[in-house]
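See below for the structure under consideration.
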Amino acid sequence: MTFIGFMVGILALVGVVAVGFKKDLPGAAAIKAGLLALAAVGFVVGLFKWVFFYAEPGYVYHVRTITGEEKVVSDVGYNTYLFGRVNAWKRAMTVQAVSGDISDISAENDSSDTSAVIPPLSIMFLDQVDAHSEATVRFAMPTEREAFLHLAHEYRTPENLLRTALLPAFKETIQATASLMSAEDYYSGGRTEFNSEFEHQMERGIYVVKREEIITRSKRKQTGSANVALGTQQEEYGDESKTSFIVRKVTDENGQPLRKKQGFEEFGINVVDARVTDMKPNQKFVERMQLKQKASADRAIAREQRIQEEEQRLLAIAKGEREVAERQAQAKVAQIQATTEAQTEKQLAITEAEKIKEQATITRETSQINLEKARIEAETQRTLADAESYQKRVILEADNALAQKLEAEIRIQELWAKAYAKRQVPTNVFGAGDNAGVPVGSDQEVKAFMQMLTLDAAKRLSYDRNVTTNKTR
């Protein structure tokens, strides 16, 4: 397009020159003006690439114009650089250590998201176990003019930044992180701690550490058994010591760990993401870990078997205790039942005795009440009798029992009258008279006889037929 534009512009200029030589040509001025416009358009098209460039998204551009002007372009779209030079820097560069095909470092032309791809890094853990690690770190480039120009002046191209700053920092940091822990610690649950330490050191700097050797002695005494003459009194051998190495972080006076700052920090480059994606130890360590896992599995199985045996023992003990408890419970139930029955019988006997006692008390009280009642009734009867006797005595004393005597007299006379009326009398009575001249068997004789009987009865009853008067009255 550039070449075509220039050719069109040159041909248009040639046409303008040719028209100038033919001044008598009709419409020469108009043709000349058109050819000049076409030449201008051709030269503009030809020079467009050397004047303008298109800013892609996700990039920051370092622009140097022909006049010596230097600027930073981060907006998307066409911008001028006036026959100068343009360097494209990705806003975020990624350093990645992965397995597989490895491509050359090409920051501007790489179409993928990865700025640099390297093989897995060989690292060495604290316990001298080597491994191949795969990790990814993403760096954010500064977008401020001063910081970006300082970065561009120092490293000139993104490739130089990757080779001389980012890749060395990446490798050094992951090696330093590996020296903080052993491989056994990493594969025994320290993976997250390793990743966290790697990220912190990439962001804030590498820890300043100090390696220390620690000798741990066992309190268990080991004795030899080679000398049979010594029997059980063998001599001690070996110190049962274990040497281990630890790495301690050096701290300042405030207790904060000292760090070696990352070189890219002074250029405003920030770490936005850092992670360890895979760790592959050497084959010997893998075999050792497999043996350890097998031993651990065997211990776990033995532990489970021991627990099972212990559970069986406890089950047997529990069964025996349950049977004993059942027997004790049955005996206790029988004892409680017998005790309850005895207590019930006792309570019933006590209740019956209390009932009898209460009944006796009630009977005694009733008897006392009846006795009092009888006594009161007797007193009442005696009082009534005394009153009646007194009344009768008073009456008798008042009229000398005249009414009673009259009643008795009437009853006597009635009886003799009835008896006299029913006597058997012969029709003819023969007899001589007495000295008084009363014939034998006459009515007068009978009457005299009856009077004699009445007097006799009154005498036997101490009956006085005479009526006396009360002299006191």
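Overview of values
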quantity: From the options THR277, THR251, residue that is hydroxyl-bearing (Ser, Thr, Tyr), surrounded by fewer than 15 Cβ atoms within 10 Å (Cβ to Cβ) and under 18 Å from GLU134 (Cα atoms); calculated: THR277
quantity: Flag if ALA325 is over 30 Å from THR454 (Cβ atoms), of a type in the set (A, V, I, L, M, F, W, C) and surrounded by fewer than 11 Cβ atoms within 10 Å (Cβ to Cβ); calculated: no
quantity: Residue that is farthest from ASP130 (Cα to Cα), among those in segment 144-172 that are free of Cβ contacts under 8 Å to residues at least 60 places away in the same chain and either outside any helix (DSSP H, G or I) or of a type in the set (S, T, N, Q) (or both); calculated: ASN160
quantity: Condition met for PHE148 (modelled with pLDDT of 90 or more and crowded, with 18+ Cβ neighbours inside 10 Å); calculated: no
quantity: Residue that is modelled with the lowest pLDDT, among those in segment 52-82 that are surrounded by 15 or more Cβ atoms within 10 Å (Cβ to Cβ), touching a strand residue (DSSP E or B) at 6+ places or on another chain (Cβ under 6 Å) and outside any strand (DSSP E or B); calculated: TYR81
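For (1) assigned to a helix (DSSP H, G or I); (2) among the small types (Gly, Ala, Ser), each residue gets a yes or a no:
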site	(1), (2)
ALA274	no, yes
THR277	no, no
ARG299	yes, no
GLU310	yes, no
GLY320	yes, yes
ALA338	yes, yes
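The values are calculated or read from the model by the stated rules, or taken from the named source; none is laboratory data. These figures come from a predicted structure and were not determined experimentally. Quick reminder, even Gly has a Cβ in these numbers, built from the backbone with ideal geometry, and neighbours come from all protein chains shown.
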